[in-house]
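I have placed the structure first, in the form of structure tokens, so that the comments after it can refer back to it.
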Amino acid sequence: METPPAGPDQYTMRDPSTMYADRVPDEQYLPGPGTDAEMAQNVPADHGEDSYRGSGRLRDRKALVTGGDSGIGAAVAIAFAREGADVVISYLPEEEEDAERILGLVRDAGRTGVGVAGDLSDPEFAKQLVDRAVAELGGLDILVNNAGKQQHVDDVTDISDEEFDQTFKTNVYATFWLTKAAVPHLPPGSTIINSTSIQAYAPSPHLVHYAATKATVNNLAKGLAAQLAPKGIRVNAVAPGPIWTPLQPAGGQPPEALPSAGEQTYLGRWGQPAELAPAYVFLASGESSYVVGETLHVDGGMPTP
Ligand code: NAD
Ligand code: MG
């Protein structure tokens, strides 16, 4: 499917109510974690490949972005690199193709781009990932806890203990393990950003276990912000609304909900990963020096606290 470029860049004034109007997903299901490579055959997502323009806002910073192979994490990795940061991304082994594409774009920006495959629901991998990032980048000053698992289940009696456990391990425990491993390496001026969700505030009935993890990750950002501020480390969160990423057709929503999932927003459409990246850049950069424990909502307009 041909879609017009979103560009020429993120600074250009555009009508947000008509942007991406042609990127309406159809009913589909992707097995496993889902990939952007598969989505691109149908309705591709925009990660800012042709539009994100950097302006030195993260010059020589050292970033670890989990789940940086696709979706929001991929847009963040591209933006960070174009803003001057070296970037390590993590991903699952079945996402190699997506990861290689994004690492290519990071390197095209003239920055170091390193991929590390592994399962973040395993505490050993989470710790090794931080050590590897520190070794590859010669230190670490940005941690983006972005990897996440979302599977819709209509009835609480159908949520298996394994599904509940795996969702908490991936979304909550990994955030804890990564943060715990990273903090000793983070110099003053470093930033941690957690990907939370509108679900943290407005849980959907078919996503209760996922929504509970996002409320926890959001709360962790606020508690850790207070704890780590005296060390000069700022912790914040980004709360996306419905964003067109592989997680959604890969069981995040029922296939029949995909065409209309963005309609409940004020803008009446899905968001694209490229529209999330500037929020992460802002929170990572020194320009947000007095923004601490904040949740930045990027959701097309929805009632939030
Ligand atoms: P995505 O599928 O592109 O990214 C999620 C990534 O998580 C995957 O690429 C994968 O690499 C990683 N991941 C999942 N399970 C993992 C595991 N066990 N070990 C290691 N990595 C694992 O989808 P996305 O929507 O860009 O998701 C990024 C974050 O944004 C998630 O935390 C998600 O909950 C959050 N979010 C997404 C939306 C949305 O509408 N897409 C809305 C709110 C919040
Ligand atoms: Mg992926």
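Of note:
- Any hit, region 167-177, residues being surrounded by fewer than 15 Cβ atoms within 10 Å (Cβ to Cβ), of a type in the set (Ser, Thr, Tyr) and over 19 Å from residue 298 (Cα atoms): no
- Filter result for residue 60 (over 26 Å from residue 187 (Cβ atoms) and more than 10 Å from ligand 2 (Cβ to nearest atom)): no
- Taken as a whole, the structure places residue 181 among residues that are more than 14 Å from ligand 1 (Cβ to nearest atom), of a type in the set (Gly, Ala, Ser), closer than 30 Å to residue 138 by Cβ and assigned to a helix (DSSP H, G or I).
- The one condition in (1) free of Cβ contacts under 8 Å to residues at least 60 places away in the same chain; (2) more than 12 Å from ligand 1 (Cβ to nearest atom); (3) closer than 16 Å to residue 145 by Cα that residue 263 fails to fulfil: (3)
- Each residue in region 65-79 was checked for being at negative phi and either surrounded by fewer than 24 Cβ atoms within 10 Å (Cβ to Cβ) or within 11 Å of ligand 2 (Cβ to nearest atom) (or both), and 7 of them qualify.
- Some residue of region 5-22 being at positive phi and surrounded by fewer than 12 Cβ atoms within 10 Å (Cβ to Cβ): no
- Some residue of region 83-102 being of a type in the set (Lys, Arg) and within 21 Å of residue 139 (Cβ to Cβ): no
- Qualifying residue in region 112-130 (condition: touching a Ser or Thr at 6+ places or on another chain (Cβ under 7 Å) and assigned to a helix (DSSP H, G or I)): yes
- The selection criterion, being within 15 Å of the chain's Cα centre (by Cα), farther than 26 Å from residue 7 by Cβ and of a type in the set (D, E, K, R), does not hold for residue 231.
- Within the option set 229, 211, 274, being touching a helix residue (DSSP H, G or I) at 6+ places or on another chain (Cβ under 9 Å), among the aliphatic types (A, V, I, L, M) and closer than 21 Å to residue 177 by Cα holds for one residue only, 211.
- Of all residues in region 184-223 being part of a helix (DSSP H, G or I) and touching a strand residue (DSSP E or B) at 6+ places or on another chain (Cβ under 7 Å), the one that is nearest to ligand 2 (Cβ to nearest atom): 217
- For region 254-303, taking the residues that are in a loop (DSSP other than H, G, I, E, B) and within 16 Å of ligand 2 (Cβ to nearest atom), the one that is nearest to the chain's Cα centre (by Cα) is identified as 276.
- When region 39-98 is limited to residues that are touching a helix residue (DSSP H, G or I) at 6+ places or on another chain (Cβ under 9 Å) and basic (Lys, Arg), the one that is nearest to residue 24 (Cα to Cα) turns out to be 53.
Bear in mind that the values in this text are calculations on the coordinates, not laboratory data. Everything numeric in this text was worked out from a predicted model, so none of it was measured. All Cβ positions, glycine included, derive from the backbone under ideal geometry; neighbour counts span all protein chains shown.
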